[in-house]
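The values are calculated or read from the model by the stated rules, or taken from the named source; none is laboratory data. Note that the structure is a prediction, hence the values are computed from the model and not measured. When we count neighbours, we look across all protein chains shown, and the Cβ atoms used for this are built from the backbone with ideal geometry, even at glycine.
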Amino acid sequence: MFCTHLDGLETILTPANLDVLDFSSLDRISYKHVSEGDRVEKGQAVFKLVDNLSPTYFYAEAVKEGFPADLPEKPRWLKAAWDNHPLMIKALKINETEDGWEGLFQLSNFPDELVHNRKVDLNITTNLLAGLLVPQHAVVYRDETPGLYLAIKKRAQWVPVKIEGDLNGKVAISGRGLGENTRYVSNPALIREGSLVE
């Protein structure tokens, strides 16, 4: 891929240097931008060819919260997005810092426009929850079995559910008869089986 976005790091940031680079010190390197219309010296690079068929690597810093704790020992592909384009990333070499992770990741299924940028923001999906998201206090336990009061024919009917996970004070649940349009009692403190529900 032909690219005219140069910053002087083309000879430093190469796959051959991955083992010896100190990525945390890259911010201290002065960038040499070549803008369109600038005068260039003899031998100065004015474009680069990016091999978008070989693996593409990037250095990232991420907060620890939400990342799988075993990610350094068990690298795996994670879903991510850049500018609403879905892609995949895999942790290759990660170090734990005081407030998060830093290290080398590999990109897959990324749009060509991404490699033109030296710095990008990615949204990484570290955990997926499937199910109906309801407030935690809407779940009612019977004999240690979680359930939900559904509004069926204007009457409250308790049905057992499976808790898939939690997210910001809500729980993702699954079970028979649950769906997007399911009517349930969100505040079941005073509800009993068969109570009238409007």
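Just to be sure, is residue 156 part of a strand (DSSP E or B), more than 34 Å from the chain's Cα centre (by Cα) and not assigned by TED's automatic domain parsing to the domain that holds residue 100? Taking the combined requirement at face value, the residue satisfies it.
Among the residues of region 179-198, those identified as hydrophobic (A, V, I, L, M, F, W, C), over 11 Å from residue 134 (Cα atoms) and outside any helix (DSSP H, G or I) are 191, 196, 197. Considering the conditions (1) of a type outside the set (S, T, N, Q); (2) under 30 Å from residue 188 (Cα atoms); (3) not assigned by TED's automatic domain parsing to the domain that holds residue 158, residue 146 is excluded by exactly one of them, (3).
For region 165-178, the set of residues classified as part of a strand (DSSP E or B) and buried (at least 16 other Cβ atoms within 10 Å of the Cβ) consists of 170, 171, 172, 173, listed by residue number. Restricting attention to region 69-115, the residues that are outside any strand (DSSP E or B), in contact with a Ser or Thr (Cβ under 9 Å, 6 or more places away or on another chain) and closer than 16 Å to residue 56 by Cα total 3.
Restricting attention to region 104-119, the residues that are out of contact with any Phe, Trp or Tyr (no Cβ under 6 Å at 6 or more places or on another chain) and either over 15 Å from residue 78 (Cα atoms) or of a type in the set (Ser, Thr, Tyr) (or both) total 9.
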